[in-house]
Amino acid sequence: MSWSSSGSGPDLTGARARRGANLPRIGDFNQAVVLDALRRARHGLSRADLSEHTGLSAQSITNIVRRLAERGLVTEQAPALPHGRGRPAAPIRLDPAGRFAVGVHVDPTVTSVALVDLTAAVVASRRTVAASATSPERLTTAVADAVAEVTAGVAAERVLGVGVATPGPVDTGAGVVVGAPLLPGWERVELRRLVREATGLPVVMHKDTAAAAVGELWHEPDPADFVFLYLGTGLGAGFVVNGELLPGRTDNAGEIGHLMVSPDGPRCHCGQVGCVGASSMPRTLVGEAVAAGVLEPSAHDAGDVEIDAAFTRLCVAAARNAPAREVLERSAARLARAAVTLCNALDVGAVVVGGPAWSRTEPVFLPILREVVAATTEARRVHEVAVRSSVLGDDAAVVGAACLVLEHSFSPSPATLLIR
């Protein structure tokens with residue numbers, strides 16, 4: 001099965017696949033299974049371990065490991081000195097430099113680009129112009145320059161492609177940003193095409209919240225069921241169930257901003273009062289801080305980048321200023337109510353929080369989230385629901401975007417296997 005040069009998708013009949021990627025796969029099903037087992041094993045696996053983990057015969061493992069080694073995807077280390085009888089097992093690991101993937105995160109206040117290796121570790125990163133400060137065409141030119149910088153010195157054939165994480169809603173089949181509420185003027189932007197033409201690389205695109213959830217799963221696969229709360233210029237969620245992203249019918253699951261969490265909360269742009277998205281937005285919290293006398297009045301009437309700077313000042317002030325802390329505590333309590341609703345709906349084992357705004361709010365938000373979730377989730381008498389910070393922190397979306405490329409390139413998931 002081949003992809004058209006336009007990247008419009010494969011010719012599938014009666015199949016629900018992750019549409020819209022034009023990324024090459026780097027192995028057949030059995031190779032993908034072995035690669036997936038190796039990337040989950042932090043210290044490598046022996047051939048016997050691989051056979052046990054995958055259910056493949058010893059001969060199949062030998063043949064697959066040989067092919068993967070010839071392609072520079074795995075290394076087999078010399079065995080340790082024997083302490084007794086028999087030849088010790090040689091650990092097999094992914095070769096980090098075997099392949100690379102690029103992640104791009106487009107956000108109103110920051111555009112980040114990162115290069116990750118085959119283990120999803122960040123090798124290089126850059127920041128460039130904010131999406132709210134330029135046009136889509138100029139942004140993609142800046143992104144292409146950043147991609148060239150982070151991939152300098154890497155052989156072109158080792159770069160699998162570019163993953164783009166963008167605010168939703170998106171049309172992943174067409175590679176289009178449909179009309180992100182926090183990016184005025186971005187109506188039906190063909191972002192995948194723009195990035196592909198600017199970089200010359202295959203491109204896959206998804207929502208920033210979904211990318212963040214995939215990145216978390218790649219770096220911290222346990223538990224296999226969690227809600228990822230993404231705090232940036234806005235609020236969204238990614239859902240992982242049984243180790244797989246739950247994308248929704250059109251890949252737009254996770255638009256949780258209009259969950260009602262407070263009868264006396266701030267007014268949302270939808271016209272309702274108490275939506276969790278409005279309650280969590282830096283712009284809203286800066287406005288509440290201005291009203292409380294914590295920030296100067298001019299802080300609220302500014303662009304997204306200036307709002308982000310004012311939000312940082314608010315979070316710093318919360319460590320020593322009671323009114324500032326109260327602004328964040330109210331927001332945290334409302335976010336916690338939304339987290340409980342999602343936990344009750346999906347019966348997950350964890351709530352993971354990350355995104356560009358998270359590290360600044362974590363000291364206030366995390367204890368409140370943990371307390372409310374532990375006390376009010378319906379399944380608390382059956383199992384614990386852990387609440388923790390993302391292992392990727394503020395970089396969840398950009399690293400997750402690169403992980404989308406790895407996921408499409410060698411995941412054994414049936415959905416991605418349709419992408420050839």
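Read through the list (1) at pLDDT 95 or above; (2) not assigned by TED's automatic domain parsing to the domain that holds Val162, then give the number of the only condition that Val104 fails.
The number of the failed condition is (2).
Restricting to the stretch 86-109, and then to whatever is within 30 Å of Ser135 (Cα to Cα) and over 15 Å from the mean Cα position of the chain (by Cα), can you tell me which residue is surrounded by the most Cβ atoms within 10 Å (Cβ to Cβ)? If you could, list the steps in order and put the result at the bottom.
Filtering the stretch 86-109 down to residues within 30 Å of Ser135 (Cα to Cα) leaves 100-109.
Applying the additional criterion that residues be over 15 Å from the mean Cα position of the chain (by Cα) yields 100, 108-109.
Details: Phe100: 23, Pro108: 25, Thr109: 22.
The residue in question is Pro108.
Would it be correct to say that Val122 is in the same structural domain as Arg193 (by TED's automatic domain parsing) and buried (at least 18 other Cβ atoms within 10 Å of the Cβ)? Reasoning before the result, please.
Numbers: in the same structural domain as Arg193 (by TED's automatic domain parsing): yes; buried (at least 18 other Cβ atoms within 10 Å of the Cβ): no.
Against the criterion (in the same structural domain as Arg193 (by TED's automatic domain parsing) and buried (at least 18 other Cβ atoms within 10 Å of the Cβ)), Val122 does not qualify.
For the stretch 359-374, check the following and say yes or no: at least one residue is of a type in the set (Gly, Ala, Ser) and modelled with pLDDT of 95 or more. Break it down stepwise before answering.
Filtering the stretch 359-374 down to residues of a type in the set (Gly, Ala, Ser) leaves 359, 374.
Still in the list and also modelled with pLDDT of 95 or more: 359, 374.
Yes, the stretch 359-374 has at least one match.
Quick check on Thr209: is it of a type in the set (Ser, Thr, Tyr), in the same structural domain as Arg158 (by TED's automatic domain parsing) and surrounded by 18 or more Cβ atoms within 10 Å (Cβ to Cβ)?
Yes.
Just to check your reading of the model, which residue among Ala133, Ala142, Ala148 is over 22 Å from His206 (Cβ atoms), assigned by TED's automatic domain parsing to the domain that holds Leu404, small (Gly, Ala, Ser) and modelled with pLDDT of 95 or more?
Numbers: Ala133 fails: modelled with pLDDT of 95 or more; Ala142 fails: over 22 Å from His206 (Cβ atoms).
Selected residue: Ala148, the only one of Ala133, Ala142, Ala148 that is over 22 Å from His206 (Cβ atoms), assigned by TED's automatic domain parsing to the domain that holds Leu404, small (Gly, Ala, Ser) and modelled with pLDDT of 95 or more.
Determine, yes or no, whether Glu244 is closer than 28 Å to Leu118 by Cα, surrounded by fewer than 24 Cβ atoms within 10 Å (Cβ to Cβ) and at pLDDT 95 or above. Write out each step before concluding.
Working: closer than 28 Å to Leu118 by Cα: yes; surrounded by fewer than 24 Cβ atoms within 10 Å (Cβ to Cβ): yes; at pLDDT 95 or above: no.
Against the criterion (closer than 28 Å to Leu118 by Cα, surrounded by fewer than 24 Cβ atoms within 10 Å (Cβ to Cβ) and at pLDDT 95 or above), Glu244 does not qualify.
Would you be able to say whether some residue in the stretch 398-408 is touching a Ser or Thr at 6+ places or on another chain (Cβ under 8 Å), at pLDDT 95 or above, closer than 26 Å to Leu94 by Cα and not hydroxyl-bearing (Ser, Thr, Tyr)?
Applying the first criterion (touching a Ser or Thr at 6+ places or on another chain (Cβ under 8 Å)) to the stretch 398-408 yields 398, 407-408.
Of the ones still in play, those that are also at pLDDT 95 or above are 398.
From what is left, the residues that are closer than 26 Å to Leu94 by Cα are 398.
Filter once more, keeping what is not hydroxyl-bearing (Ser, Thr, Tyr): 398.
Yes, some residue in the stretch 398-408 is touching a Ser or Thr at 6+ places or on another chain (Cβ under 8 Å), at pLDDT 95 or above, closer than 26 Å to Leu94 by Cα and not hydroxyl-bearing (Ser, Thr, Tyr).
Here are some conditions: (1) assigned to a strand (DSSP E or B); (2) surrounded by fewer than 24 Cβ atoms within 10 Å (Cβ to Cβ). Asp394 meets all but one. Which one does it not meet?
(1)
Give, as residue ranges, the helices (runs of 4 or more DSSP H) completely inside the stretch 41-153 that count at least 1 residues that are touching a Lys or Arg at 6+ places or on another chain (Cβ under 6 Å). Show your work before the answer.
Numbers: elements: 47-54, 58-70, 136-150.
Result: 58-70, 136-150.
Please work out which one of (1) of a type outside the set (Phe, Trp, Tyr); (2) at pLDDT 95 or above; (3) within 18 Å of Tyr230 (Cα to Cα) is the condition Ser279 fails and give its number.
Going through (1) of a type outside the set (Phe, Trp, Tyr); (2) at pLDDT 95 or above; (3) within 18 Å of Tyr230 (Cα to Cα) one by one, Ser279 breaks only (2).
Scan the stretch 219-232 and tell me whether some residue there is over 25 Å from Thr172 (Cβ atoms), acidic (Asp, Glu) and modelled with pLDDT under 95.
Within the stretch 219-232, the subset over 25 Å from Thr172 (Cβ atoms) is 222-223.
If we keep only those that are acidic (Asp, Glu) as well, we get 222.
Retained after the next criterion (residues that are modelled with pLDDT under 95): 222.
Taking every residue of the stretch 219-232 in turn, at least one turns out to be over 25 Å from Thr172 (Cβ atoms), acidic (Asp, Glu) and modelled with pLDDT under 95.
So, restricting to helices (runs of 4 or more DSSP H) that lie completely within the stretch 295-388, which ones have at least 1 residues that are surrounded by fewer than 18 Cβ atoms within 10 Å (Cβ to Cβ), aliphatic (A, V, I, L, M) and in contact (Cβ under 8 Å) with a residue 40 or more places away in the chain?
Details: elements: 304-317, 322-346, 358-376.
Fully inside the stretch 295-388 and qualifying: 304-317, 322-346.
Let's see how each residue does on (1) touching a helix residue (DSSP H, G or I) at 6+ places or on another chain (Cβ under 8 Å); (2) closer than 25 Å to Ser331 by Cα; (3) not assigned by TED's automatic domain parsing to the domain that holds Gly168:
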{"position": "Val227", "(1), (2), (3)": "yes, yes, yes"}
{"position": "Ala237", "(1), (2), (3)": "yes, yes, yes"}
{"position": "Val241", "(1), (2), (3)": "yes, no, yes"}
{"position": "Asp264", "(1), (2), (3)": "no, yes, yes"}
{"position": "Gly293", "(1), (2), (3)": "yes, yes, yes"}
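Could you list, ordered by first residue, the pairs with Cβ atoms under 8 Å in which the first is in the stretch 165-194 and more than 18 Å from Cys270 (Cα to Cα) and aromatic (Phe, Trp, Tyr) and the second is modelled with pLDDT under 90 and surrounded by fewer than 24 Cβ atoms within 10 Å (Cβ to Cβ), at least 6 apart or interchain?
Once the first residue is more than 18 Å from Cys270 (Cα to Cα) and aromatic (Phe, Trp, Tyr) and sits in the stretch 165-194, its partners that are modelled with pLDDT under 90 and surrounded by fewer than 24 Cβ atoms within 10 Å (Cβ to Cβ) give Trp186/Gly179.
Give the stretch 157-170 a look and list any residue that's closer than 14 Å to Val116 by Cα and among the hydrophobic types (A, V, I, L, M, F, W, C), or say none.
Val159, Leu160, Val162, Val164
Counting just the residues of the stretch 42-56 that are polar (S, T, N, Q) and over 21 Å from Pro96 (Cα atoms), which one comes out farthest from the chain's Cα centre (by Cα)? Let's see the steps before the verdict.
So the first thing to find is which residues in the stretch 42-56 are polar (S, T, N, Q), and the list is 46, 51, 54.
Cutting the leftovers down to over 21 Å from Pro96 (Cα atoms) gives us 51, 54.
Numbers: Ser51: 31, Thr54: 27 Å.
Among them, the one singled out is Ser51.
The values are calculated or read from the model by the stated rules, or taken from the named source; none is laboratory data. These numbers were taken from a predicted model, which means no experiment stands behind them. Every residue, glycine as well, gets a Cβ built from its backbone with ideal geometry; the counts of neighbours run over all protein chains shown.
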